[in-house]
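Let me begin by presenting the structure, written as structure tokens, before commenting on it.
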Amino acid sequence: MRSHPTGGRTMQINTKTKNKTNMENLTAYDLKRKEKNVPFTECTIVKTSRGGYMAKGVNAYGNKMNAMLSEAKALEAIEKGIATKGY
């Protein structure tokens, strides 16, 4: 807990940091099993009509999943062979 710079209020600061440069595989939320960070087994990167990038694929249970991605993360996944290009 650290004190707020403008007053006596205290707030909790999350000191855990994720290593965003180490990208082993893409993950998404599985709606059927209600699990977070489920990895894709087969994944295709598609471009939306508004110019965004989306990962579409299935997980180990055969459930379809989608996840929105930044351009950098999408191109990195295609370059590393984690996903295929679908646009």
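The values are calculated or read from the model by the stated rules, or taken from the named source; none is laboratory data. Please read these numbers as outputs of a predicted model, since none were measured by experiment. Neighbour counts run over all protein chains shown; Cβ positions are idealised from the backbone, glycine included.
Inside region 33-48, residues that are touching a Gly at 6+ places or on another chain (Cβ under 8 Å) and either exposed (fewer than 14 other Cβ atoms within 10 Å of the Cβ) or assigned to a loop (DSSP other than H, G, I, E, B) (or both) make up a count of 3.
Residues are listed down the side, and each one gets a yes or a no for (1) of a type outside the set (A, V, I, L, M); (2) free of Cβ contacts under 8 Å to residues at least 40 places away in the same chain:
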position: 40; (1), (2): yes, no
position: 47; (1), (2): yes, no
position: 60; (1), (2): no, yes
position: 67; (1), (2): no, no
position: 79; (1), (2): yes, yes
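Summed over region 59-77, the residues that are of a type outside the set (S, T, N, Q) and within 13 Å of residue 25 (Cβ to Cβ) give a count of 7.
So which of 57, 51 is of a type in the set (Gly, Ala, Ser), at pLDDT 95 or above and part of a strand (DSSP E or B)? Steps first, please.
Details: 51 fails: part of a strand (DSSP E or B).
Going through 57, 51 in turn, just one is of a type in the set (Gly, Ala, Ser), at pLDDT 95 or above and part of a strand (DSSP E or B): 57.
Every condition in (1) more than 16 Å from the chain's Cα centre (by Cα); (2) part of a strand (DSSP E or B) is met by residue 79 except one, and the failing one is (2). If the condition is being more than 15 Å from residue 69 (Cβ to Cβ) and either surrounded by 15 or more Cβ atoms within 10 Å (Cβ to Cβ) or modelled with pLDDT of 95 or more (or both), then region 20-31 contributes only 30. All but one of (1) farther than 14 Å from residue 82 by Cα; (2) modelled with pLDDT of 60 or more hold for residue 42; which doesn't? The number of the failed condition is (1).
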